[in-house]
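Data block below; observations after.
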Amino acid sequence: MTSIKLPHGMEINAPISSDYAKILTPEALELVAKLSRKFEPRRQELLAARVIRAKELDDGALPDFLPETKSIRESNWTIAPIPQALECRRVEITGPVERKMVINALNSGADSYMTDFEDSNTPNWDNQITGQLNMIEAVRKTISLEQNGKTYKLNDKTATLVVRPRGWHLDEKHVIVDGKRVSGGIFDFALFMYHNAKEQLARGAGPYFYLPKMESHLEARLWNDIFIMTQQELGIPQGSIKATVLIETILAAFEMDEILYELREHSSGLNAGRWDYIFSGIKKFKLNKDFCLADRAKVTMTSPFMRAYALLLLKTCHKRNAPAIGGMAALIPIKNDPEKNEIAMAGVRSDKARDATDGYDGGWVAHPGLVELAMTEFTKVLGDKPNQIAKKRDDVVVTAAELLEFKPETPITEAGLRYNINVGIHYLGSWLAGNGCVPIHNLMEDAATAEISRSQVWQWIRSPKGVLEDGRKVTADMVRAMIPEELAKVKTVVGGGSTYDRAAVIFEEMSTSATFAEFLTLPLYEEI
């Protein structure tokens, strides 16, 4: 292991190889320490505010548009101009910061690639630091890989790189500043910025980000202030950083104008992060006796609350000259079954066609095999235009009540319950083994879909509406009886592995315990 010079007041309690020392330089760590000292108190205040707000919702309050920011919603302003590298984003591919994935995604033919330090990545120390090493080489176009007799390297034309750091709720437990863990998001962001921002600007692009899991415009303001200070520290022009915010919490949907406003000099739009959004709805209204969603597979982008959210996001973005990016089609190509594959591809096709026709500027896919299909649907609508920001959708009017119209409520089936248990165990087992992006039942699952699975089970047990279509009430005992059966099915697919036994225990605890864990990744992170 290599010895490195640490800034005053910083400790790193993880192994540092000579390769890792290339990332963990004194200057890069000094930036982490400065940002942490300046902004950690505010992060903690905002996380505390989340707890207070959650308690209000548990007690029966309903969210609404903020009266104190009405003037922002009603006045005319727009975000700063979008850089050329982000003008055309018809298809964005996403995936973890793993080396082969980075090369394949950049080569996929997509307009941009969201490389992920967050939900599709297990944030163990090795993944986070090797991910940063991969980023240095990806930015400089030198990344390559020799594997199983094959050579992977970048094409001449590659997707625009966009980086997703961790959300505000996640710490980096291996890095301590003044006795406190640093924010995982600040750690990911600062290291990437220090090593790559100037290089990206010199190459005609810039440091571009996706920001996850925010619940308020004040959380966006915190990111904006971090951007301003970082640009000052690195001596790069203000406004160089551009960030797209994932609207993936029900509370953020009521503050979309305000979030764009806070980031207006650094904004590159909003994205309809559908899976986390569904999870957020379940989490925020888990104790509401009137709330209960049907089987996960029945909750789609055409469900009333999802349709309202998608149209409001689109209208809000285009009013402010901001890109509106559609969410993830989690379906992936199905090998060896042409019939099932055609059904899956038809699902992706209709999803992207709806987004494009509505007015979205692009959408997400999880697999290189879907890029061309998605691109075709957007090109049908956009022609040779890079985006359709000019399509303002003034016809759209969405009320608070429509954002909260949580349907469908039925059916809840035994198959749907078992599916949630199965996916939960399979994903958690994979995550604990170091892989946060897993194909399960022909869908690409990440932490967001696992969150839906375990939160639905928790809520069905407690809700008076949590009744199977055959009349049986979902109970903790029913779930406990199904867990070993679904674990056995998972093991036949994955071929065993001790992490899956542990995953089954964790899933049982999280879905049947009296208290609801805010994020499943928080207790899991302490185990890796």
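The values are calculated or read from the model by the stated rules, or taken from the named source; none is laboratory data. Remember, it's a predicted structure, so these values are computed and weren't measured experimentally. Cβ: placed from backbone, ideal geometry, glycine included. Neighbour counts: every protein chain shown. Keep in mind that these areas ignore ligands, DNA and RNA; they rest on the heavy atoms of the full protein, side chains included. Shrake-Rupley method; radii C 1.70, N 1.55, O 1.52, S 1.80 Å.
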Looking only at the stretch 348-368, which residues are surrounded by fewer than 20 Cβ atoms within 10 Å (Cβ to Cβ) and under 21 Å from the mean Cα position of the chain (by Cα)?
P368
Looking at the stretch 502-528, which of its residues are open to solvent by 30 Å² or more (accessible area, probe 1.4 Å), out of contact with any Phe, Trp or Tyr (no Cβ under 9 Å at 6 or more places or on another chain) and touching a residue at least 24 places away in the same chain (Cβ under 8 Å)?
R502, E508, E518, L522, E526, E527
Show the residue pairs meeting these rules: Cβ distance below 7 Å; 6+ apart or different chains; first residue within the stretch 368-385 and farther than 12 Å from C88 by Cα and of a type in the set (G, A, S); second residue assigned to a helix (DSSP H, G or I) and open to solvent by less than 60 Å² (accessible area, probe 1.4 Å).
A374/V348; A374/K352
List the number of the failed condition for R462; all other conditions in (1) open to solvent by 30 Å² or more (accessible area, probe 1.4 Å); (2) under 17 Å from E414 (Cβ atoms) hold.
(2)
Among (1) open to solvent by 30 Å² or more (accessible area, probe 1.4 Å); (2) at pLDDT below 95; (3) not β-branched (V, I, T), the one test that C437 misses:
(1)
Scanning for something at pLDDT below 95 and in contact with a Phe, Trp or Tyr (Cβ under 8 Å, 6 or more places away or on another chain), does the stretch 482-489 turn up at least one residue?
no
When every residue in the stretch 436-465 that is outside any helix (DSSP H, G or I) and within 12 Å of C292 (Cβ to Cβ) is compared, the one farthest from the chain's Cα centre (by Cα) is P464
Go through (1) exposed (fewer than 14 other Cβ atoms within 10 Å of the Cβ); (2) of a type outside the set (S, T, Y); (3) assigned to a strand (DSSP E or B) and name the single condition N336 misses.
(3)
Flagged in the stretch 1-14 as surrounded by fewer than 16 Cβ atoms within 10 Å (Cβ to Cβ), closer than 24 Å to I528 by Cα and more than 28 Å from the chain's Cα centre (by Cα), in numbering order, are M1, T2, S3, I4, E11
Taking the stretch 466-475 only, how many residues are open to solvent by less than 80 Å² (accessible area, probe 1.4 Å) and either assigned to a loop (DSSP other than H, G, I, E, B) or at positive phi (or both)?
5
Residues to consider are E219, E248, E258; find the one that is closer than 18 Å to M328 by Cα, open to solvent by less than 10 Å² (accessible area, probe 1.4 Å) and among the charged types (D, E, K, R).
E248
Of all residues in the stretch 295-316, how many are hydrophobic (A, V, I, L, M, F, W, C), crowded, with 19+ Cβ neighbours inside 10 Å and more than 19 Å from the chain's Cα centre (by Cα)?
4
Only residues in the stretch 315-343 that are under 17 Å from L246 (Cα atoms) count as the first member; pair them with residues that are crowded, with 24+ Cβ neighbours inside 10 Å and of a type in the set (S, T, Y), Cβ under 6 angstrom, at least 6 apart or cross-chain, and list the lot.
A322/S267; A324/Y360; G326/Y360
Among the residues of the stretch 263-276, which ones are surrounded by fewer than 24 Cβ atoms within 10 Å (Cβ to Cβ) and either part of a helix (DSSP H, G or I) or touching an Asp or Glu at 6+ places or on another chain (Cβ under 9 Å) (or both)?
W275
So for the stretch 476-494 (the condition being open to solvent by 20 Å² or more (accessible area, probe 1.4 Å) and within 21 Å of L522 (Cβ to Cβ)), does at least one residue qualify?
no
With respect to the numbered conditions (1) buried (at least 24 other Cβ atoms within 10 Å of the Cβ); (2) touching a strand residue (DSSP E or B) at 6+ places or on another chain (Cβ under 6 Å); (3) free of Cβ contacts under 8 Å to residues at least 40 places away in the same chain, which one is the sole condition not fulfilled by R181?
(1)
Count of residues meeting criterion [in contact (Cβ under 8 Å) with a residue 60 or more places away in the chain and either of a type in the set (D, E) or under 16 Å from V162 (Cα atoms) (or both)] in the stretch 251-271:
9
Those residues of the stretch 50-80 which are assigned to a loop (DSSP other than H, G, I, E, B), without any contact (Cβ under 8 Å) to a residue 60 or more places away in the chain, under 21 Å from C317 (Cα atoms) and open to solvent by 80 Å² or more (accessible area, probe 1.4 Å) amount to N76
